[in-house]
Amino acid sequence: MLLLGPCRLWLPILVTSSGTINYVDGKWKHTGVNFLKRFMGQESIADPEKDASEAIAAIQKQLILQGIPLEEQPQIQPILIVMMKNTFIGEVKDAPYPVVLINDFKRLIRKMDRENCTNPLIPERTEKVTDALIAGKMVNINS
């Protein structure tokens, strides 16, 4: 799943586990899940940084294959999105990318694209990136 905004390409990483998410001492921590929930199959948040770096590499490779050099590609911004109401965001101020509740996602990306946009995408560039992702079947245009 990707979202092309006016300044960057957003890469949502979805969290569907309950408990509390923290980023402490350079590591993601998932706490508040008891043994029974883990035993019954609830997963931890694993390694969002690894997921993001692998996805970014795949997206950049696809754009290069479609004729968009790395220096012309939009910034790719990972964002951790908490999908469940019983998941809490703890200490994440030092996290490498934003962590947000699903209800706050739209507001945050609008704010970031409005306040932190140093290189806005012109319509031709947006169309070129969209066409490249569609050609590589990296986006679903039906949703």
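The values are calculated or read from the model by the stated rules, or taken from the named source; none is laboratory data. The model shown is predicted, which means the values in this text are computed figures rather than measured ones. Virtual Cβ from ideal backbone geometry, glycine too; neighbours counted across all protein chains shown.
As for the range 28-49, it holds no residue that is modelled with pLDDT of 90 or more, assigned to a helix (DSSP H, G or I) and of a type in the set (A, V, I, L, M).
At least 1 residues being within 14 Å of the chain's Cα centre (by Cα) is the threshold, and among the strands (runs of 3 or more DSSP E) wholly inside the range 59-135 those reaching it are 75-82, 99-101. The set of residues from the range 94-135 being without any contact (Cβ under 8 Å) to a residue 12 or more places away in the chain and of a type in the set (D, E, K, R) comprises ASP104, LYS106, ARG107, ARG110, LYS111, ARG114, GLU115, GLU124, GLU127.
Tell me which residues, restricted to the range 66-95, are in contact with a helix residue (DSSP H, G or I) (Cβ under 8 Å, 6 or more places away or on another chain) and surrounded by fewer than 14 Cβ atoms within 10 Å (Cβ to Cβ). The answer is GLY67, LEU70, GLU72, MET83. Figure legend. Inter-residue proximity from the range 45-65: first residues over 15 Å from MET1 (Cα atoms), second residues in a helix (DSSP H, G or I), beta-carbon distance below 6 Å, spacing 6+ or different chains. Indicated pairs: LEU63/ALA132.
In the range 47-65, which residue that is of a type outside the set (Asp, Glu) and touching a Pro at 6+ places or on another chain (Cβ under 9 Å) is surrounded by the fewest Cβ atoms within 10 Å (Cβ to Cβ)? Top of the filtered list is SER53. Among the residues of the range 7-27, the ones that are assigned to a loop (DSSP other than H, G, I, E, B), loosely packed, with under 15 Cβ neighbours inside 10 Å and either under 11 Å from the mean Cα position of the chain (by Cα) or at pLDDT 85 or above (or both) come to 2 in all.
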